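Take a look at the structure below.
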Amino acid sequence: MNMIFWILLLLICLLSDCNSLTLNNRLKDNKEVSQCLHDITPGAGPELLNLGRTWETDKPFVTIVANMSRITSLDGVRSYFQFRTFDPEGIIMYGDGNNATEWFILGLRNGIVEMQIGKSGVRATVSGGPIVNDGQWHLIHLKSEQEGVVLRVDDKSVLRLELHVMRHEQGNVDAMRILLGGQPQNASPLFTPLKPQMDGCLKNWNWLDQDTDSLLNLDVNTKPCFTHISRGSYFSGEGLAVFHSNDFPQAMEDWTLNIEMIIRPDQWQGTLVTITTKDLEDLMTVYFDSSKASELIQVKTGTVELILPHTLYHKCQEIRFSVNVSEHEIQVQISDLKMQRDFEDYVHWKQVWQEGASLFIGGSPDPRGESPYSGRNYFQGCLGQIWVQNQLVDMDASHYKHDSIWSHSCPQWKN
């Protein structure tokens, strides 16, 4: 019996349990913003699941252990589901048995589907097919054929994985576990690592043509799946992400600081970026101040404060914002409006950056918080793209990211 289909059978139990998931709408009520969105309400339904769960550890969305001793044959059985993501890399599911000595992984790498299997110290890996991290729904179809499995994407065969080493020996595997959207702590050292986090959604699944109405429900909450999505990182106003200056290497002889981002705010308030020393002393803060009638974007350092009105911003359009710190000046630009000031702290900034500065995106650090990543004054909205030192930022590469942040997807705005 092929191990992969024991795993797929177990997915029946897992994914149908998602009928009880409550997809909480984290978007706050904002009539002006809602007019710009295709649909401010997240997609809902019993068969719709966001794999995005936790960031702090490799812990999966959920783990199920099943008794496999009753399964006799799965030859010719098929399973399928629809999958949507902008995330280029992550684990869709991980399954194992025999104390994790036999395992199977289905995931993405560079936007392409990848399957890995292992048993008795032997590993097999295949990948290929079309790019599927394009934000569109793709049908993923698995079918057992003799001693292998065929993977189809959008009704086209793209991969075949032979499972000779995975053949079942009677009584050899009595229990198996399946982990969705993550990996176990005792994962096999043989498999080629993938970033475990996956910002993606599943829907319309059929697992081995089984009736799943009578299965138990799981008491689990997850992020919603937005009905329409666009590329970017969505901040729900509940947390922030943290990077370090050494994440963005640059020759210190000609050092400058450059930050650029595309902004779609849900509300004109909150902190976009805070840069601090290792001791959390503020160097610079970029934030919205909606307490004033003109609703300003402010950039504040120890010696310089720049205030820019967003009068060039039109509803349902993105804002391109940048700040540049060089030896003699600090320059801020929003849309076509540019402002600069003389800057006297360059030497200090250069030293702090070289020794190790921290970048907080989507909020300000709270020194009185319970953890080093406690924050306040959170930003709510979409950051379509972020560049630091001319490098495109990947939220999955952060040193910390609050679980309320979508790494690669935002609610889609109308054109």
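Here are the numbers for the structure shown:
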quantity	calculated
Some residue of segment 378-395 being assigned to a helix (DSSP H, G or I) and modelled with pLDDT of 90 or more	yes
Qualifying strands (runs of 3 or more DSSP E) (wholly inside segment 248-291; at least 3 residues being out of contact with any Pro (no Cβ under 7 Å at 6 or more places or on another chain) and more than 14 Å from ILE361 (Cβ to Cβ))	257-265, 282-289
Within segment 192-229, considering residues that are assigned to a loop (DSSP other than H, G, I, E, B) and of a type in the set (Val, Ile, Thr), the one modelled with the highest pLDDT	THR227
Inter-residue pairs, beta-carbon under 8 Å, first without any contact (Cβ under 8 Å) to a residue 60 or more places away in the chain and under 23 Å from LEU280 (Cβ atoms) and in segment 241-269, second open to solvent by less than 40 Å² (accessible area, probe 1.4 Å) and among the hydroxyl-bearing types (Ser, Thr, Tyr), 6+ apart	none
Members of segment 263-295 found to be farther than 24 Å from GLU355 by Cβ, open to solvent by 20 Å² or more (accessible area, probe 1.4 Å) and either aliphatic (A, V, I, L, M) or at pLDDT 90 or above (or both), listed by number	ALA293
Residue satisfying all of: in segment 236-247; buried (at least 19 other Cβ atoms within 10 Å of the Cβ) and part of a strand (DSSP E or B); modelled with the lowest pLDDT among these	SER236
GLY369 vs. criteria open to solvent by less than 80 Å² (accessible area, probe 1.4 Å) and at pLDDT 85 or above	no
Verdict on LEU180 being over 29 Å from TRP268 (Cα atoms) and at pLDDT below 70	no
Options SER144, SER157, SER127, SER120: the member that is touching a helix residue (DSSP H, G or I) at 6+ places or on another chain (Cβ under 8 Å) and either open to solvent by 40 Å² or more (accessible area, probe 1.4 Å) or modelled with pLDDT of 85 or more (or both)	SER120
Within segment 103-114, considering residues that are part of a strand (DSSP E or B) and either without any contact (Cβ under 8 Å) to a residue 60 or more places away in the chain or more than 20 Å from ASP199 (Cβ to Cβ) (or both), the one most open to solvent (accessible area, probe 1.4 Å)	ILE112
Per-region count, segment 351-377, residues among the charged types (D, E, K, R), closer than 17 Å to SER404 by Cα and in a loop (DSSP other than H, G, I, E, B)	0
Selection count where residues are in a loop (DSSP other than H, G, I, E, B) and more than 19 Å from GLN183 (Cα to Cα), scope segment 121-138	9
Filtered residue count, segment 340-367, keeping only those that are in contact (Cβ under 8 Å) with a residue 12 or more places away in the chain and under 34 Å from the mean Cα position of the chain (by Cα)	17
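The values are calculated or read from the model by the stated rules, or taken from the named source; none is laboratory data. Computed from a predicted model, the values in this text were never measured in an experiment. Using ideal geometry, Cβ is built from the backbone for each residue, glycine included, and neighbour counts are taken over all protein chains shown. Accessible surface areas use protein heavy atoms only, side chains included; no ligands, DNA or RNA. Shrake-Rupley method; radii C 1.70, N 1.55, O 1.52, S 1.80 Å.
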